[in-house]
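The values are calculated or read from the model by the stated rules, or taken from the named source; none is laboratory data. Given the structure is predicted, the values throughout are model-derived calculations rather than measurements. Cβ atoms come from the backbone with ideal geometry, glycine included; neighbour counts cover every protein chain shown.
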2 protein chains.
Amino acid sequence: MVDHISGMTRRGVLTMIGLAAGASAMYTAMAGMGLAGTSNYKGPIKLEGDPKGTSVLILGAGLAGLTAALELHNAGYKVQVLEYREKAGGRCWTLRGGETYTELGGFKQEVKFTEGNYLNAGPWRIPSDHYAVLDYCRRFGVKLEPFIQQNYNAYLHNSQAFGGKPQRFKEIQADYRGQISELLAKAVDQKKLDGPLTDDDAALLVESLKRYGVLDENLAYVKSDATSIYRGWAKEPGGGVDAKGEPSDIISLSDILQGRLWQDLITGESIDHQAGIFQPVGGMDMIAQGFEREVKDLITYNAKVIKIEGSETGVSATYVDSNGGTAEKTVSADYCICTIPFSVLSQIEHNFSGEMTEAIDSVPYASSIKVGLEFKRRFWEEDEHIYGGISYTDTPITLISYPSNDYLSKGPGVLLGAYSWGAASYQFNAIPAEERIEIALKYGEMIHKQYRDEYSNGVTVAWHRVPWTLGCYGEWRDQEAHYDNACKMDQRTLMAGEHISYLPAWQEGAILSALNAIERLHKIVTAA
Amino acid sequence: MVDHISGMTRRGVLTMIGLAAGASAMYTAMAGMGLAGTSNYKGPIKLEGDPKGTSVLILGAGLAGLTAALELHNAGYKVQVLEYREKAGGRCWTLRGGETYTELGGFKQEVKFTEGNYLNAGPWRIPSDHYAVLDYCRRFGVKLEPFIQQNYNAYLHNSQAFGGKPQRFKEIQADYRGQISELLAKAVDQKKLDGPLTDDDAALLVESLKRYGVLDENLAYVKSDATSIYRGWAKEPGGGVDAKGEPSDIISLSDILQGRLWQDLITGESIDHQAGIFQPVGGMDMIAQGFEREVKDLITYNAKVIKIEGSETGVSATYVDSNGGTAEKTVSADYCICTIPFSVLSQIEHNFSGEMTEAIDSVPYASSIKVGLEFKRRFWEEDEHIYGGISYTDTPITLISYPSNDYLSKGPGVLLGAYSWGAASYQFNAIPAEERIEIALKYGEMIHKQYRDEYSNGVTVAWHRVPWTLGCYGEWRDQEAHYDNACKMDQRTLMAGEHISYLPAWQEGAILSALNAIERLHKIVTAA
């Protein structure tokens, strides 16, 4: 939009858009003109023009494949989708009681969660700047509820510090901020920082640090009612007699520094994690189900692709029954959108170009594990007043995330008892599921003493053992060298999926890559 | 608890509690023993012992009166409640479409909100450390949903800075934190801060500031992918070709300081506002309704108390019909719990002691106004990607709060279009409701250009004009001098309400004050 308006006044353009498309489009355009960051998502895709009976074969019914199938079908294409699993969604996957999951290596788990409880094995959050995902949720009527990323009452835990005792986030956060504010305010006040600041700014900086750090009139961060309002009280203010609050002790900056609990103070504040951030009510796969309702008839399930053959005029794919059949079937189409993860695609026979093959073979997939633990009661709420949010730990479980739904409910609840990646996750990958759960319990009880008493059952997903992805997400080693090649149409095939995006691992990346691919495909088809 | 266990080991006590009362009690006790801040709320009150037919007159059916009524009734007391309004709840009050509200001065408003929309005229949030409120919600089955206090995509607005253009919270927050971290990190690195830090701590402090402030290897906060991950991108990363994110420009520390937008960076982080924080699904008065279901039969509605007379043996209250009748009725009981706000009580004939009268007359009530605005569509979500949360402004509206419910819904939505107190609220008190709404629109459209196009209807509550409270909450001028006297039993009357607490304005204060009052009353009754 911005590029094309140089000949008009900004207001003129806005008025024009306002008249043509209604108020919402106008304000969205305002956002695009510098009033806010721009997005790759421009609203529902419009594929105008006749596809002339063109057929498209889509490999994979994860969110990228589903998006391509839905939008190409709506635009009049003949669409066929091959999906390895018995249902759509791919990594947009929720495990519920009564289901079974068999991982690579044969270990089979029965999910025993109580009705209503679940584990989002893959993506579990929708940031508010993931406009495409949000828009599809709106279109499908998928209800969203806030995901609590940052809970000031959750813990920061270092097994080697504070005697291994977890510390409340609010205490570390207030005390760290207060004490660094004190150091800077005093340095500025004592004119130790010659140079970078005007006198006026220096005075304002001190004033701002007093507010930001909750400093007293001597620019000190001290035990007081004022600081207890942020870090919590030793005794909370109450009602009636003897109800005055008692201020709490401060944790020294040295203890915080040595305990390294500052490491996760801003973890929840990246734009992909900061509030507002959502989860679908009932589980992430509500999104997959929304898509699936629209395109179910186009999908061939339980189809394990074993060969992809492109030519200048079309693409064919050969598949077998993913439950173990050997009978081969081959389907073909004018074009192909391939969303099969490169981790899997690199093991499939294909005739892609040398450049594309290099790209496919150059993307290792990240290791990640999740452990869902069901407990008999929500002790984190009842005993510890933690409602949603995440506790961080230096142990191999990395974090514990409390459910952002059904607050105050009396029945069993499911925690995310481990969500590890990289090195921490490898030790989980190598061992059976029940041992992974044991590890999650072992480290989790360092934070919550109730773990053993209250534990009921658990399930775990080690992403390197997930048969249809062999990893969590594409972790480009040399994106500069290969990414653009991976985006190119290779004979008649375009790649899509989170790995074909700069939003790796996110559903938004998968959807945006698919929209970008079909937009390019459609241009070629309608130009021909 | 802590005081009584000196003779036992801590583990011994915990085991004893665990055996006697089950796991939940044990962990709650752990919290009380220093593993977390202690609360005035010890769980559901237990009034053991025979009240011997004692009768209690409760004046006011707000949350304090309702709590006292419910618990005294459950304990076997004869309870009668006089309530000025036609329903219970007091300031726990939600306005919905179809209702009318007539304020002091006679101005009558019809609420025209669409079904499902509402304005919480009084309290609108439940902090997660307000254990008593949460516990009653649990008991009554009141469903809670997260209230979004801090939304990084909401605005900070100073009409005199940045050309009056609102700034995204995330940008100011990341840039302020980054640049103060840079100043301190460099000062420490260059050893300008002699004294307070050991070398080891100094090195750790620099390392921590690099992480906390998102500084580069030169300890500088610069335009980069790294900083854009926190403050937002100029162009967001996307999928397919041309999908790389473009980093955004930084706002200089000087501009932030001069614009004073640092003032509201930590407003959402006090323990009464930090996440987790809740609202009842459907409106705050779901709590009042929960109580009311239990004690409805004990309440005389539309009863305006005009006289309270205590003696050494009992208390009587005289009331008239609050809709304008003159016929006086008098009821009496052995004891009285008076929850009438001091602003009103000071105008009622009574024979309380001199000390109590001084206390009653010494508590001015805070001025506060709220304006609820219904718009035809949720433009803050659709155009600006703001889902819940609060924008702060230096204009008289003080803030705009976006609804923390029904995200992505397509119908009309209600904003809190002004929530002012103190000086800013006085100009609203003096003018008719429709002019207050006009002010809210005038200042609101400085932040949201869509205001005039999308506005549908509004309602406003100026708390100094609310007939049954004459103010928002008790603002003690000299709590030191009078609070303890106000808590004392005056002949046979005990005061309760948020004003008889150190949690002024909060529902938790009202409930805790009532629990404290009836506990003391019960001791006297059972000891007699």
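Points to keep in mind about this one:
- Residue within the stretch A:105-128 that is within 14 Å of chain B (Cβ to nearest Cβ), buried (at least 23 other Cβ atoms within 10 Å of the Cβ) and assigned to a loop (DSSP other than H, G, I, E, B) present: yes
- The stretch A:269-295, subset surrounded by fewer than 24 Cβ atoms within 10 Å (Cβ to Cβ) and in contact with a Pro (Cβ under 6 Å, 6 or more places away or on another chain), residue farthest from the other protein chains (Cβ to nearest Cβ): A:MET286
- Those residues of the stretch A:55-89 which are of a type in the set (A, V, I, L, M) and touching an Asp or Glu at 6+ places or on another chain (Cβ under 6 Å), in sequence order: A:ALA61, A:LEU70, A:ALA88
- Taken over the stretch A:391-413, the residue count meeting the criterion of being within 24 Å of the chain's Cα centre (by Cα) and more than 11 Å from chain B (Cβ to nearest Cβ) is 13.
- The sole residue among B:ILE229, B:ILE271, B:ILE299, B:ILE251 that is among the β-branched types (Val, Ile, Thr) and at pLDDT below 95 is B:ILE271.
- Filter result (among the polar types (S, T, N, Q) and more than 7 Å from chain B (Cβ to nearest Cβ)) within the stretch A:129-161: A:GLN149, A:ASN158, A:SER159, A:GLN160
- Qualifying residue in the stretch B:411-431 (condition: under 25 Å from B:GLY232 (Cβ atoms), at pLDDT 95 or above and in contact with a Pro (Cβ under 8 Å, 6 or more places away or on another chain)): yes
- The residue that is surrounded by the fewest Cβ atoms within 10 Å (Cβ to Cβ), counting only those in the stretch A:411-438 that are under 20 Å from A:ASN120 (Cβ atoms) and of a type in the set (A, V, I, L, M), is A:ALA424.
- Some residue of the stretch A:419-435 being within 14 Å of another protein chain (Cβ to nearest Cβ) and assigned to a strand (DSSP E or B): no
- Residue count, the stretch B:35-69 (criterion: among the hydrophobic types (A, V, I, L, M, F, W, C) and either surrounded by fewer than 24 Cβ atoms within 10 Å (Cβ to Cβ) or assigned to a loop (DSSP other than H, G, I, E, B) (or both)): 5
- Subset of the stretch B:178-212 that is more than 9 Å from chain A (Cβ to nearest Cβ) and out of contact with any helix residue (DSSP H, G or I) (no Cβ under 9 Å at 6 or more places or on another chain) - its residue that is surrounded by the fewest Cβ atoms within 10 Å (Cβ to Cβ): B:GLY195
- Members of the stretch B:142-177 found to be surrounded by fewer than 23 Cβ atoms within 10 Å (Cβ to Cβ), among the small types (Gly, Ala, Ser) and touching a helix residue (DSSP H, G or I) at 6+ places or on another chain (Cβ under 6 Å), listed by number: B:ALA161
- Among the conditions (1) modelled with pLDDT under 95; (2) out of contact with any Pro (no Cβ under 8 Å at 6 or more places or on another chain); (3) among the β-branched types (Val, Ile, Thr), B:VAL305 misses just one, which is (1).
- Filtered residues of the stretch A:279-328 (kept if touching a strand residue (DSSP E or B) at 6+ places or on another chain (Cβ under 7 Å), in a loop (DSSP other than H, G, I, E, B) and either among the basic types (Lys, Arg) or under 30 Å from A:TYR407 (Cα atoms) (or both)): A:VAL281, A:GLY283, A:MET284
- Long-range neighbours under 8 Å by Cβ, at least six apart or interchain, first residue assigned to a helix (DSSP H, G or I) within the stretch B:329-345, second among the acidic types (Asp, Glu): B:PHE342/B:ASP361
- For the stretch B:454-492, the set of residues classified as within 14 Å of chain A (Cβ to nearest Cβ), closer than 19 Å to B:GLY90 by Cβ and not in a loop (DSSP other than H, G, I, E, B) consists of B:GLY474, B:ALA486, listed by residue number.
- Residue match in the stretch B:520-528 (condition: at pLDDT below 95 and either part of a loop (DSSP other than H, G, I, E, B) or facing chain A (nearest Cβ under 10 Å) (or both)): yes
- Of the residues making up the stretch B:265-286, those that are in contact with a Lys or Arg (Cβ under 9 Å, 6 or more places away or on another chain) and under 18 Å from B:TYR155 (Cβ atoms) number 4.
- Selection within the stretch A:353-376 - surrounded by 21 or more Cβ atoms within 10 Å (Cβ to Cβ), touching a strand residue (DSSP E or B) at 6+ places or on another chain (Cβ under 7 Å) and of a type outside the set (S, T, N, Q): A:MET356, A:VAL363, A:TYR365, A:ILE369, A:LYS370, A:VAL371, A:GLY372, A:LEU373, A:GLU374, A:PHE375
- Residue satisfying all of: in the stretch A:213-244; facing another protein chain (nearest Cβ under 7 Å) and over 12 Å from B:SER39 (Cα atoms); surrounded by the fewest Cβ atoms within 10 Å (Cβ to Cβ) among these: A:VAL241
- Considering residues of the stretch A:439-452 that are surrounded by fewer than 20 Cβ atoms within 10 Å (Cβ to Cβ) and in contact (Cβ under 8 Å) with a residue 12 or more places away in the chain only, the residue farthest from the other protein chains (Cβ to nearest Cβ): A:LEU441
- Residue within the stretch B:462-475 that is surrounded by fewer than 21 Cβ atoms within 10 Å (Cβ to Cβ), more than 20 Å from the chain's Cα centre (by Cα) and closer than 28 Å to B:SER270 by Cα present: no
- Some residue of the stretch A:330-341 being within 26 Å of A:GLY89 (Cβ to Cβ), of a type in the set (Val, Ile, Thr), touching a strand residue (DSSP E or B) at 6+ places or on another chain (Cβ under 6 Å) and surrounded by fewer than 14 Cβ atoms within 10 Å (Cβ to Cβ): yes
- Members of the stretch B:374-399 that are in a strand (DSSP E or B) and either in contact with a helix residue (DSSP H, G or I) (Cβ under 6 Å, 6 or more places away or on another chain) or polar (S, T, N, Q) (or both): B:PHE375, B:SER391, B:TYR392, B:THR393
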